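The values are calculated or read from the model by the stated rules, or taken from the named source; none is laboratory data. Just so you know, these numbers come straight off a predicted model, no measurement behind them. As a convention, Cβ positions derive from the backbone with ideal geometry for all residues, glycine included, and neighbour counts pool all protein chains shown.
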Amino acid sequence: MKGKPFLLQTFCLIFGLLFTVSCANKPSVVWTEGETDPETGLAVHTLTVLNAPEGTDWTLWLTSNHITPGKLVDAEGSIELFHGCYYKVTPMEREGKDLVIRYTDRPLQRHCWAPEGFAVEKDGKVVALDAEFEFLPSESIPDFPYNHVKTEVWDMIPSLKSVTPAEGTTTVAQMPEVEIVPSCKAGWYKIVLDGECKVQAADEDGAQYAKVTLENLKRNAGGNELPNLVIEDWPDFGYRGFMLDISRNFTNKDNILKFIDLLAHYKASVFHLHFGDDEGWRVEIPQFPELTTYGAYHEFPYKDENGNYTETNYLLPSYNGSVDPKDLTSSANGHLTAAEYVEIVKYAWERRITVIPEFDTPGHSRAAIKAMQAYAERTGDNSYLLSDPEDKSEYCSVQYYKDNALNVALPSTYKFIEVVFDQLIAYHKEAGAPIPAIHVGGDEVPHGAWVGSEPCQKIMAERGWDNIELLKSYYIENVLDIAESRGVKISGWQELVMDLEDHVYERMKKNLYSVNFWHTGTGNEEFPYKYANDGVPAVLSNMTNTYVDFAYTPDKTERGLSWGGFVDERRSFSLLPFDIYRSVRWDDKGRIRNIEKLPEGKTPLVAKQNIIGVQAQLWTETVRSFDHVTSYVFPKVCGVFERAWNASPSWEGTTVADDPAFMTELDRYYSTVVDHEMPYYEAEGVVYRQRKN
C-alpha cells in the first residue's frame, strides 16, 4: 500500500503477513462499473483483486445490497451471499497475480451502492483491503428550478402564521420573561415588538417556540435590533417528529445532542430514536450486558475446524463491512451508555422535545436475538432467549436475514420485553422527562417465520388457527399486557395495526400513542386515511415525502437510497396531510404530474383529528458518518417541518401541480432556505447538501 508508515510495515513483518508477499504488495481491490446492455438492461461489473494471494485457500469478503449472485462472466471465482448484505468470494485457479471476477448485475444506480468493506481471509486471519472505484461518466442532474424572491427578517422555517409589521425598531438583548395566558391552542405564543419586547405563551411549549422565533429574528437581522412587529403563531400538529436510525449505523451522544439542537431550531416536538434492529442494539440495558457488548459491534465471524462460521464475540460485518470491533471511528460500532441515554432524553426535554425510543419487533430483531444467545451462553440462563434452537422455520427478510424474527411463542420473549420496557421507563424517570410511548416496530416480519417452530404450532393448534399470520395477534396481546400494566402506550409502523383479530385490533386502538404510515406508494396511499377514519392515531411518514434517506435527485453521485423514489426540498414541501393523494406534484424524473383526479375513487379523510402529526425518517443503510447524517437531512427536512407546523397551506385544494398559488409559496419557502437556513448551517458548522444548479 502506497505511503504505509514505517512502523506499520515493521508491525506487518514482525507478526507475519497473511500471504507470502511483502507489505508493499498487499492485495487491494479495484471495482469497475460496467456499461448497460440495452437489450438485457443489465451490466457486467468487474471486481479485481490486485496482488491476490496465491492458490485458492483464501476468500474475499465484501458488503453490498445490490449483487445478484451466480451471474458470472469469465470469472476466476464465485460470489455467494453469506448472510444479510455480506458476500463471500471464493477464488479459482488462475494465472498471474490478479484475480478478476466479471459478473452480470443490475446497472449501478448510485455510486454509494457499489460494493465496499473488502477483506481477505486466510489462515484464520482477516485483513481489510483498500479499494478504488472506476465509475462510468455520469450526467450531473441539476436541482429543481425556482424564482428567488426577496425575503424578510421574519421569514423562517417553519413559517409564522401571522406577522404584522410596524414602524420603528426594538433592541432585544435577551429573552424576556414569558407571560403564560390561557389559549385554546397548545403551543400558541405571541411576540410584540414596539420599543420593548413582550412575549405571551399558552404553555411551556409556546414559550420555547417564542424563544426560537426570537433567535431566528436576530439571526436574520444580523443582530439584536429588530423591526417592530406583532407575531402570533402556533403549530397545527402536536406531533412534529424526526426518526433517527442509530442501529444500522451508529451516531454517538455528542452528535445526537447537536442534532437535537437542530431539531429544536425547527420547533420539532418528537425525537424518535430507532436503536434496535437487525444490525445493532445501541442502548445499554444493564441486566443484559450482551445487548451492547456483543450486539453493538461487528467483527469477522470465527471459523471453526469444520469450516463453519459463527459470530462468537460480536455481530458479523454489516453495511460498511468493518471487521474491527475496536474501531470506534467506524459507524458500525458503538452504543449509548445508560448515562448517555438519560442525558439525551433530558437534553431533548429541556427543549420541549419528547424522545420516543424504538426497538423493532418481532421482525428486524437479529441483533437482540444474537445478543441474548450470547447472554445465555455466558450465564447459563435461558429464560430470556428470543429464539428457539429447535426452530426449523425457513425464511429470508427484506434485508436477506434468515434469523431476525423473535419467537412469539416463547415466554422468555416477553420476559425480555418486560425488562427493556422497565429500563426505558426508568431512564426517562431519571431524566425527569415523559415517555408517552415505547415504539415496538411491527414492520416487515418475513414470510415463513414461525412455521417451523413447535411452540408456535402448539399455540396455533390450541387456538384452532390455520393461518400463521394470526400469531401476530398473540404477540400483540402479550405486548399490550406489558404496556398496560406499566401505564405506557405503544407506537409502531403501519403493519402493527394490520391483519389482526378484531378484538385485538380494538384493544390496541385504546393503547396506541401513534402509528407511522410509511408505505404510501401506489396502491398503499389510502392506508393513513382508512385507519385514521377508524380511530387510529396516524403520523404521516410518507416515503414519498418524508424519507430523507432517499437521494435528492437521480444524479448517480448523490448518496442515498431510491427504492421509493427521490425526495428533495420541493417534494417534502409538497406534502399535504389532508390531501395526501396530491402530495407528489412532480415525478422522480422531474416531470409534472396530472394531480387533478388522483383522489377519485379513493378513501376520503373524514376524521382529520386522527391525523396527529408528520414525521421525517432517516434510515442509515448508506450513512457512514455524522456529516452524512446532516447532509442527508438538511435542507431537505425543511419542507417536512414546514408542513408539520402549517398543515393547510394557502395552495391546498389546487388541482394543477404548478398552480401559481403553489409556485409562489414554493419560491418564498425555498428562497428562505437559501437566504437564511444555508448560512445558518455554515455558521453552526453543519455539513449540508448544497444546491446544484
Checklist entry - Going through the stretch 321-346 one residue at a time, which ones are touching a residue at least 40 places away in the same chain (Cβ under 8 Å) and crowded, with 20+ Cβ neighbours inside 10 Å? => result 321, 322, 323, 331, 332, 333, 334, 335, 336, 341, 344, 345
Item to check | Identity of the residue in the stretch 681-693, over 24 Å from the mean Cα position of the chain (by Cα) and either at pLDDT below 95 or surrounded by 13 or more Cβ atoms within 10 Å (Cβ to Cβ) (or both), that ends up farthest from residue 552 (Cα to Cα) | outcome: 693
Next on the checklist: Among the residues of the stretch 459-472, are any within 22 Å of residue 291 (Cα to Cα) and acidic (Asp, Glu)?
Outcome noted: no
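Here is a yes/no grid of residues against (1) surrounded by fewer than 20 Cβ atoms within 10 Å (Cβ to Cβ); (2) without any contact (Cβ under 8 Å) to a residue 40 or more places away in the chain; (3) touching a Phe, Trp or Tyr at 6+ places or on another chain (Cβ under 8 Å):
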residue: 642; (1), (2), (3): no, no, yes
residue: 648; (1), (2), (3): yes, no, yes
residue: 653; (1), (2), (3): yes, no, no
residue: 659; (1), (2), (3): yes, yes, yes
residue: 669; (1), (2), (3): no, no, yes
residue: 674; (1), (2), (3): yes, no, no
residue: 678; (1), (2), (3): yes, no, yes
Checklist outcome for this item: The helices (runs of 4 or more DSSP H) lying entirely within the stretch 519-582 that contain at least 1 residues which are closer than 25 Å to residue 159 by Cβ and small (Gly, Ala, Ser) are 569-573
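Restricting to the stretch 387-441, and then to whatever is in a strand (DSSP E or B) and out of contact with any helix residue (DSSP H, G or I) (no Cβ under 8 Å at 6 or more places or on another chain), can you tell me which residue is nearest to residue 352 (Cα to Cα)?
Step by step, filter the stretch 387-441, then rank; the result is 437.
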Item to check | Single unsatisfied condition, residue 236 versus (1) more than 16 Å from residue 157 (Cβ to Cβ); (2) at pLDDT 95 or above; (3) of a type outside the set (Phe, Trp, Tyr) | outcome: (1)
Checklist entry - Is it true that some residue in the stretch 82-105 is closer than 27 Å to residue 279 by Cα, under 22 Å from the mean Cα position of the chain (by Cα), part of a strand (DSSP E or B) and touching a residue at least 60 places away in the same chain (Cβ under 8 Å)? => result yes
Next on the checklist: Looking at the structure I just gave you, is residue 130 in contact (Cβ under 8 Å) with a residue 24 or more places away in the chain, surrounded by fewer than 18 Cβ atoms within 10 Å (Cβ to Cβ) and acidic (Asp, Glu)?
Outcome noted: yes
Next on the checklist: Return the pair list, or none, for Cβ contacts closer than 8 Å from residues in the stretch 369-391 that are more than 26 Å from residue 458 (Cα to Cα) and touching a residue at least 24 places away in the same chain (Cβ under 8 Å) to residues that are in a loop (DSSP other than H, G, I, E, B) and among the acidic types (Asp, Glu), at least 6 apart or on different chains.
Outcome noted: 375/381
Item to check | Test: residue 449 is part of a loop (DSSP other than H, G, I, E, B) and crowded, with 18+ Cβ neighbours inside 10 Å | outcome: yes
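Among the residues of the stretch 493-504, is there at least one that is touching a strand residue (DSSP E or B) at 6+ places or on another chain (Cβ under 9 Å), part of a loop (DSSP other than H, G, I, E, B), surrounded by fewer than 24 Cβ atoms within 10 Å (Cβ to Cβ) and not β-branched (Val, Ile, Thr)?
No, there is no match, as no residue in the stretch 493-504 is touching a strand residue (DSSP E or B) at 6+ places or on another chain (Cβ under 9 Å), part of a loop (DSSP other than H, G, I, E, B), surrounded by fewer than 24 Cβ atoms within 10 Å (Cβ to Cβ) and not β-branched (Val, Ile, Thr).
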Item to check | Within the stretch 281-306, tally of residues that are in contact (Cβ under 8 Å) with a residue 60 or more places away in the chain, touching a Leu at 6+ places or on another chain (Cβ under 7 Å) and part of a strand (DSSP E or B) | outcome: 2
